[in-house]
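Asks: First, the structure itself, so that you have it in front of you.
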Amino acid sequence: MSDKVTLTIDGQQVTVPAGTTVLQAARMAGIEIPTLCHDPELTSPGACRLCVVEIEGMRNLPASCVTTAGDGMVVRTNSPDVIEARKTIIELLLANHPEDCLTCERTGQCRLQEYAYHYGVKGDTFHGERKQFPIDDSNPFIVRDMNKCIRCGKCVRVCEEVQGRSIYSFAYRGFDTIPATAMDTPLAESECVFCGSCVSVCPTGALTEKMMHGVGRSWELEKVKTTCPYCGVGCNFDLNVKDGKVVGVTSNAEAEVNGRALCVKGRFGYNFIHHPDRLTKPLIKKNGEFQEATWEEAINLVAEKFKEIKQEHGPDALAVFTSARCTNEENYLANKFARAVLGTNNIDHCARL
Amino acid sequence: MTNSIHEIAGADFILAIGTNTTETHPVLSLQIRKAVKEGAKLVVADPRRIELADIADVHIQHKAGSDMALLNAMAHVIIEEDLYNKEFVKERTEGFEEVVEAVKECTPEWAAGITGVDADTIREVARGYARAEKGTILYTMGITQHICGTDNVLAIANLAMLTGHIGRENTGVNPLRGQNNVQGACDMGGLPNVYPGYQRVDDPAVREKFEKAWGVKLSPKVGLTVGEMMDNALAGKLKGLFVIGENPLISDPDSNHVIEGMKKLDFLVVQDLFLTETAELADVVLPAASFAEKDGTFTNTERRVQRVRKAIEPIGDSKPDWEIIQMLANAMGYPMNYSSPEEIMKEINEVTPQYGGITYERLEKQGLQWPCPDTDHPGTRFLHEGKFARGKGKFHAVRYVDPDETPDQEYPFMLSTGRRLFHYHTGSMSRRAEGLETVYPEEYLEMNPQDAEKLGVQSGDRVKVTSRRGEIEIPVRVTERIQPGLVFASFHFRETWVNKLTNSARDPKAKIPEYKVCAVKIEKVS
């Protein structure tokens with residue numbers, strides 16, 4: 001058996017490794033198929049059916065995320081039947097979805113909203129019962145609004161398959177089914193460690209970052225990819241910036257070390273940046289009290305004192321604690337400052353602590 | 001780390017010793033979970049039943065400070081049962097006979113007496129590691145923060161060389177570095193004995209190279225480590241100290257000694273984001289910009305250099321540390337005129353062989369793992385392939401020693417210290433991150449139910465903990481996760497100033513303090 005298969009997708013010949021799904025094959029060929037429950041890092045339940053396609057010789061419309069590409073397959077991703085099926089799926093999802101896009105935190109990044117727009121579905125075909133779940137904002141980090149949940153199950157799977165914690169599983173039956181914590185307690189009372197992975201995969205406004213509520217619309221936020229300032233793993237993420245302020249941290253799927261995974265400190269530990277305790281002026285102690293000073297005064301005083309000590313007691317009476325929190329460039333300069341400017345090798349940092 | 005973070009997932013046997021990975025390196029711990037899911041054996045060795053032990057095949061709950069006995073007994077079993085990799089030992093190493101001699105008496109039964117671990121468990125773990133195809137050892141400060149910290153690491157290296165579990169993908173010796181840029185601070189010469197790239201200050205040829213690069217005469221004398229600086233300050237020999245982004249009052253052992261040392265200085269300058277406990281003692285405080293306010297690079301635990309990007313302007317009149325250091329150098333008559341961190345990196349490229357090919361242009365696309373000697377070099381995912389950095393891998397005969405302090409009648413408990421998931425180091429950042437402080441507002445002392453019963457305390461009760469150096473008050477949390485006789489707390493909280501208790505006795509080689517064990521007494525506060 002060959003390890004490659006060749007199929008035709010929308011008239012385009014595509015050769016992919018055996019075992020590739022039709023969805024992956026299409027994406028490899030640059031053909032976009034909408035998905036809600038699929039995630040390349042997680043198992044595929046084939047639940048939402050939005051990724052249905054037409055395959056010659058098959059009676060129904062199979063879900064492309066769980067259909068293996070076969071040699072000689074002829075696939076159509078945009079036939080009238082496919083479009084019709086997708087529209088119906090979106091209609092059904094909207095039938096009980098809160099119509100509060102105007103104020104929803106996810107607006108602009110919501111997959112359901114995006115697909116409804118793309119397929120021209122207004123959500124006025126079916127008028128179903130609405131869900132009435134209480135909103136869980138019991139903790140400082142994650143808001144759970146299960147009325148907006150479309151049961152894609154990604155939060156359940158990312159927590160189990162990537163984080164290994166299984167905080168959520170599906171609870172209740174039928175229309176009332178929701179991903180819930182054990183005994184459906186608020187998140188604050190569960191074993192959750194608030195890594196926020198569930199928020200990073202949620203396609204709708206069901207799971208959102210509490211601290212980012214009301215700070216701005218997604219299209220107003222500038223995203224700056226950077227490296228986390230906490231531990232030595234070196235996770236990358238996007239600082240979300242608006243009007244010169246860091247208003248949030250979100251995953252960046254391109255992060256080499258961590259992908260979308262972050263821990264509670266990386267994702268939610270950023271508000272020290274604008275904390276009112278931040279030092280904003282140099283301080284000089286006079287008679288036991290700190291007084292604000294200009295940079296010039298402070299720098300000149302330090303330079304003078306260091307020179308004085310060096311002259312009187314020699315360079316080894318001076319020392320530098322450099323920092324495992326500072327950048328490489330800054331540590332390099334601190335090392336150069338100690339050795340070339342002060343004239344001592346008395347430089348160390350908290351590597352041992 | 002000799003290997004990359006993602007390579008952990010590909011190991012078939014993981015010994016995680018002295019690392020509370022899910023709390024201290026949460027995202028890296030996902031790779032351990034992945035390996036376990038794919039069938040790897042996981043052995044966790046830790047005096048506490050840490051969370052990682054819950055997914056382990058074996059949890060070795062050895063006595064705090066007994067790591068060396070455990071490691072040497074494993075080496076004993078591997079040699080005794082002829083499980084060592086003869087080809088690797090012959091081709092790639094030297095000093096094998098010394099280790100054979102050193103561990104001859106280290107039977108699992110002997111180790112059982114010191115570690116409290118069943119001899120057959122030690123045998124089973126040693127066999128598992130030796131027979132694995134891709135065994136890897138992960139460790140952190142649980143191994144190093146002892147007076148025998150260096151020897152503990154050498155004992156780990158012995159095991160890796162005995163079994164040939166090094167120099168290949170997925171298999172090696174992997175210390176998980178603690179702080180975001182502790183690797184980089186070491187790489188960049190933030191150590192008293194080496195210039196950037198671990199080039200020794202007492203090597204005349206190296207010194208000459210840096211004298212030329214920096215245009216000044218340089219001192220040949222190895223400098224002082226952090227702990228020695230404090231000793232010298234107390235002795236009146238160190239007069240002026242410049243502290244950049246550190247808070248030794250909270251982080252260093254035996255805080256009362258540190259405070260005295262700091263107060264004895266003629267002149268203390270602290271450069272930080274906040275008025276930390278250390279900054280409060282300073283003569284001059286310089287306001288620094290945070291990571292969000294500057295460009296630069298951090299080097300992570302797998303030697304990967306990655307970009308830090310400026311997202312906002314510095315808060316108030318604060319400035320990035322590099323600008324402040326440059327201003328100071330100029331004021332002292334040494335001209336520095338870097339226009340950007342990128343320009344500093346260009347100088348780093350020239351003087352640091354491992355960083356020779358790490359340029360901002362390349363980092364824009366992806367991180368690079370050193371050694372990366374030139375711009376055509378793709379970086380290095382794992383070290384020691386084919387041969388060790390020094391040529392042959394050297395075995396070291398290392399022997400068990402008792403911790404500096406062991407429990408006695410007056411101080412009957414062992415105290416061990418570490419970190420919690422929700423906070424970081426001295427808390428200067430994490431304790432000002434509102435949500436983190438909400439979910440984890442105060443520290444507690446972990447205590448075994450047996451000890452709690454003896455002391456008549458319950459979770460939430462406050463106790464006074466006293467060591468030979470100081471005392472603190474702290475609430476107790478009674479938990480089976482800790483063994484009788486041992487108590488544990490983190491050092492993040494000023495209100496429960498744990499480092500007032502810890503012992504500043506240091507490893508003679510690495511000068512690392514023995515944070516992981518000290519003797520204390522505990523009394524209920526009525």
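Asks: Condition first: within 43 Å of the chain's Cα centre (by Cα), surrounded by fewer than 22 Cβ atoms within 10 Å (Cβ to Cβ) and either at the interface with chain B (Cβ under 7 Å from one of its Cβ atoms) or not hydroxyl-bearing (S, T, Y) (or both). Now tell me which residues in the stretch A:284-301 satisfy that. Outline the logic, then answer.
Replies: Step one: list which residues in the stretch A:284-301 are within 43 Å of the chain's Cα centre (by Cα), which gives A:284, A:290-296, A:298-299.
Adding the requirement that they be surrounded by fewer than 22 Cβ atoms within 10 Å (Cβ to Cβ) leaves A:284, A:290-296, A:299.
A:I284, A:F290, A:Q291, A:E292, A:A293, A:W295, A:E296, A:I299, listed by residue number.
Asks: Right, here's the next one. Name the single residue, out of those in the stretch A:275-319 being acidic (D, E) and in the same structural domain as A:A340 (by TED's automatic domain parsing), that is nearest to B:T225 (Cα to Cα). Reasoning before the result, please.
Replies: Filtering the stretch A:275-319 down to residues acidic (D, E) leaves A:277, A:289, A:292, A:296-297, A:304, A:308, A:312, A:316.
Filter once more, so that each one left must be in the same structural domain as A:A340 (by TED's automatic domain parsing): A:289, A:292, A:296-297, A:304, A:308, A:312, A:316.
Details: A:E289: 30, A:E292: 32, A:E296: 31, A:E297: 30, A:E304: 25, A:E308: 23, A:E312: 22, A:D316: 12 Å.
So the residue we want is A:D316.
Asks: Give the residues of the stretch B:254-278 that are more than 20 Å from B:A235 (Cβ to Cβ) and without any contact (Cβ under 8 Å) to a residue 24 or more places away in the chain, sorted by residue number.
Replies: B:L275
Asks: Taking B:F422 as the residue in question, decide whether it is under 30 Å from A:G248 (Cα atoms) and either modelled with pLDDT of 95 or more or buried (at least 22 other Cβ atoms within 10 Å of the Cβ) (or both).
Replies: On the way: under 30 Å from A:G248 (Cα atoms): yes; either modelled with pLDDT of 95 or more or buried (at least 22 other Cβ atoms within 10 Å of the Cβ) (or both): yes.
So B:F422 passes the test.
Asks: Still on this structure, please answer the following. Sort through A:S138, A:S200, A:S190 and tell me the only one that's within 22 Å of B:L436 (Cβ to Cβ), in contact with a strand residue (DSSP E or B) (Cβ under 7 Å, 6 or more places away or on another chain) and hydroxyl-bearing (S, T, Y).
Replies: On the way: A:S138 fails: in contact with a strand residue (DSSP E or B) (Cβ under 7 Å, 6 or more places away or on another chain); A:S190 fails: in contact with a strand residue (DSSP E or B) (Cβ under 7 Å, 6 or more places away or on another chain).
Being within 22 Å of B:L436 (Cβ to Cβ), in contact with a strand residue (DSSP E or B) (Cβ under 7 Å, 6 or more places away or on another chain) and hydroxyl-bearing (S, T, Y) holds for just one of A:S138, A:S200, A:S190, which is A:S200.
Asks: Okay, moving on. Pairs under 7 Å by beta carbon, first residue within 14 Å of A:N335 (Cα to Cα) in the stretch B:308-329, partner surrounded by 20 or more Cβ atoms within 10 Å (Cβ to Cβ) and among the polar types (S, T, N, Q), six or more apart or different chains?
Replies: Pairs that qualify, where the first residue is within 14 Å of A:N335 (Cα to Cα) and the partner is surrounded by 20 or more Cβ atoms within 10 Å (Cβ to Cβ) and among the polar types (S, T, N, Q), are B:D321/B:Q271; B:I324/B:Q271.
Asks: Only one of B:P220, B:P192 is more than 8 Å from every other protein chain (Cβ to nearest Cβ), modelled with pLDDT of 95 or more and part of a loop (DSSP other than H, G, I, E, B); which?
Replies: Working: B:P192 fails: more than 8 Å from every other protein chain (Cβ to nearest Cβ).
Being more than 8 Å from every other protein chain (Cβ to nearest Cβ), modelled with pLDDT of 95 or more and part of a loop (DSSP other than H, G, I, E, B) holds for just one of B:P220, B:P192, which is B:P220.
Asks: Is it the case that A:A255 is among the small types (G, A, S), assigned to a loop (DSSP other than H, G, I, E, B) and farther than 27 Å from B:D317 by Cβ? Talk me through it step by step, then tell me what you get.
Replies: Working: among the small types (G, A, S): yes; assigned to a loop (DSSP other than H, G, I, E, B): yes; farther than 27 Å from B:D317 by Cβ: yes.
Answer is yes for this residue.
Asks: Can A:A261 be described as at the interface with chain B (Cβ under 10 Å from one of its Cβ atoms), of a type in the set (G, A, S) and touching a residue at least 24 places away in the same chain (Cβ under 8 Å)?
Replies: On the way: at the interface with chain B (Cβ under 10 Å from one of its Cβ atoms): yes; of a type in the set (G, A, S): yes; touching a residue at least 24 places away in the same chain (Cβ under 8 Å): yes.
Taking the combined requirement at face value, the residue satisfies it.
Asks: With the structure loaded, tell me whether A:E191 is in a helix (DSSP H, G or I) and among the acidic types (D, E) or whether it fails that test.
Replies: It is false that A:E191 is in a helix (DSSP H, G or I) and among the acidic types (D, E).
Asks: Which residue, of A:K265, A:K286, is farther than 28 Å from B:T299 by Cα and modelled with pLDDT of 95 or more?
Replies: On the way: A:K265 fails: farther than 28 Å from B:T299 by Cα.
Exactly one residue qualifies, and that residue is A:K286.
Asks: Take A:T250 and decide whether it is more than 9 Å from chain B (Cβ to nearest Cβ), farther than 19 Å from B:D272 by Cα and either part of a strand (DSSP E or B) or under 27 Å from the mean Cα position of the chain (by Cα) (or both). Even if it seems obvious, please write down each step before you answer.
Replies: Numbers: more than 9 Å from chain B (Cβ to nearest Cβ): yes; farther than 19 Å from B:D272 by Cα: yes; either part of a strand (DSSP E or B) or under 27 Å from the mean Cα position of the chain (by Cα) (or both): yes.
Here the answer is yes, as A:T250 does meet what is asked.
Asks: For residues that are among the β-branched types (V, I, T), assigned to a loop (DSSP other than H, G, I, E, B) and in contact with a helix residue (DSSP H, G or I) (Cβ under 7 Å, 6 or more places away or on another chain), scanning just the stretch B:127-172, find the one that is nearest to B:H25 (Cα to Cα). Don't jump to the end; show me each part of the working.
Replies: Filtering the stretch B:127-172 down to residues among the β-branched types (V, I, T) leaves B:136-137, B:140, B:143-144, B:147, B:150, B:153, B:156, B:163, B:166, B:171.
Now restrict to residues that are assigned to a loop (DSSP other than H, G, I, E, B): B:140, B:147, B:166.
With the extra rule that they be in contact with a helix residue (DSSP H, G or I) (Cβ under 7 Å, 6 or more places away or on another chain), the set shrinks to B:140, B:166.
Working: B:T140: 10, B:I166: 22 Å.
It comes out as B:T140.
Asks: Take the stretch A:302-345 and flag every residue that is facing another protein chain (nearest Cβ under 7 Å), basic (K, R) and either surrounded by fewer than 23 Cβ atoms within 10 Å (Cβ to Cβ) or in a helix (DSSP H, G or I) (or both).
Replies: A:K305, A:K307, A:K336, A:R339
Asks: Out of all the residues in the stretch B:426-472, which are more than 14 Å from chain A (Cβ to nearest Cβ) and of a type in the set (D, E)?
Replies: So in the stretch B:426-472, the residues more than 14 Å from chain A (Cβ to nearest Cβ) come out as B:442-472.
If the condition is that a residue be more than 14 Å from chain A (Cβ to nearest Cβ) and of a type in the set (D, E), then B:E442, B:E443, B:E446, B:D451, B:E453, B:D461, B:E471 are the ones that fit.
Asks: Look at A:Y270 and say whether it is crowded, with 23+ Cβ neighbours inside 10 Å and not in a helix (DSSP H, G or I).
Replies: Working: crowded, with 23+ Cβ neighbours inside 10 Å: yes; not in a helix (DSSP H, G or I): yes.
So A:Y270 fits the description; yes.
Asks: Can you find even one residue in the stretch A:220-235 that is free of Cβ contacts under 8 Å to residues at least 12 places away in the same chain, more than 9 Å from chain B (Cβ to nearest Cβ) and part of a loop (DSSP other than H, G, I, E, B)? Steps first, please.
Replies: From the stretch A:220-235, those free of Cβ contacts under 8 Å to residues at least 12 places away in the same chain are A:227, A:232; that's our starting set.
The next check asks that each one be more than 9 Å from chain B (Cβ to nearest Cβ); those that pass are none.
No.
Asks: So, one more: Working only within the stretch B:281-306, note down all residues that are in contact (Cβ under 8 Å) with a residue 60 or more places away in the chain and either over 27 Å from B:G367 (Cβ atoms) or in a strand (DSSP E or B) (or both).
Replies: If the condition is that a residue be in contact (Cβ under 8 Å) with a residue 60 or more places away in the chain and either over 27 Å from B:G367 (Cβ atoms) or in a strand (DSSP E or B) (or both), then B:T297, B:F298, B:T299, B:R304, B:V305, B:Q306 are the ones that fit.
Asks: Answer yes or no: is there a residue in the stretch A:172-188 that is within 23 Å of A:G46 (Cα to Cα), of a type in the set (K, R) and at pLDDT 95 or above.
Replies: So far as the stretch A:172-188 goes, no, none of its residues is within 23 Å of A:G46 (Cα to Cα), of a type in the set (K, R) and at pLDDT 95 or above.
Asks: Touching a Leu at 6+ places or on another chain (Cβ under 7 Å) and among the small types (G, A, S): does that describe A:A69?
Replies: On the way: touching a Leu at 6+ places or on another chain (Cβ under 7 Å): yes; among the small types (G, A, S): yes.
Yes, satisfied.
Asks: Counting residues that are charged (D, E, K, R), which helices (runs of 4 or more DSSP H) fully inside the stretch B:238-280 reach at least 3? It would help to see each step written out before you state the result.
Replies: Details: elements: B:248-251, B:255-264, B:277-280.
The helices (runs of 4 or more DSSP H) meeting that bar are B:255-264.
Asks: Which residues, counting only those in the stretch A:152-170, are more than 12 Å from chain B (Cβ to nearest Cβ), touching a Cys at 6+ places or on another chain (Cβ under 7 Å) and among the charged types (D, E, K, R)? Walk me through it before giving the result.
Replies: In the first step, residues of the stretch A:152-170 are kept if they are more than 12 Å from chain B (Cβ to nearest Cβ); the result is A:152-157, A:167-170.
Those left that are additionally touching a Cys at 6+ places or on another chain (Cβ under 7 Å): A:152-155, A:167-168.
Of everything in the stretch A:152-170, just one residue is more than 12 Å from chain B (Cβ to nearest Cβ), touching a Cys at 6+ places or on another chain (Cβ under 7 Å) and among the charged types (D, E, K, R), namely A:K154.
Asks: Can you report the number of residues in the stretch B:173-189 which are farther than 22 Å from B:V44 by Cβ and in a loop (DSSP other than H, G, I, E, B)?
Replies: Looking only at the stretch B:173-189, we keep the residues that are farther than 22 Å from B:V44 by Cβ, and these are B:179-189.
Subsequent filtering for residues that are in a loop (DSSP other than H, G, I, E, B) retains B:180-181, B:188-189.
Residues that pass the stated criteria total 4.
Asks: Next question. Identify all residues within the stretch A:36-90 that are in a helix (DSSP H, G or I) and of a type in the set (K, R); write none if there are none. Working first, answer last.
Replies: Quick first cut of the stretch A:36-90, residues in a helix (DSSP H, G or I) only: A:64-66, A:80-90.
Within the stretch A:36-90, A:R86, A:K87 qualify.
Asks: Residues that are aromatic (F, W, Y) and surrounded by 24 or more Cβ atoms within 10 Å (Cβ to Cβ), at least 1 per element: which strands (runs of 3 or more DSSP E) completely within the stretch B:1-111 meet that? Don't jump to the end; show me each part of the working.
Replies: On the way: elements: B:13-17, B:41-45, B:58-60.
Here the list reads B:13-17.
Asks: Quick one: how many residues across the stretch B:195-206 are more than 10 Å from every other protein chain (Cβ to nearest Cβ) and under 14 Å from A:T344 (Cβ atoms)? Spell out how you get there, then give the answer.
Replies: Of the residues in the stretch B:195-206, the ones more than 10 Å from every other protein chain (Cβ to nearest Cβ) are B:197-200, B:203-206.
From the residues that got through so far, the ones that are under 14 Å from A:T344 (Cβ atoms) too are none.
Count: 0.
The values are calculated or read from the model by the stated rules, or taken from the named source; none is laboratory data. If you're wondering where the values come from, they're calculated on a predicted model, not measured in any experiment. Methodologically, a virtual Cβ is constructed for each residue, glycine included, from the backbone with ideal geometry; neighbour enumeration extends over all protein chains shown.
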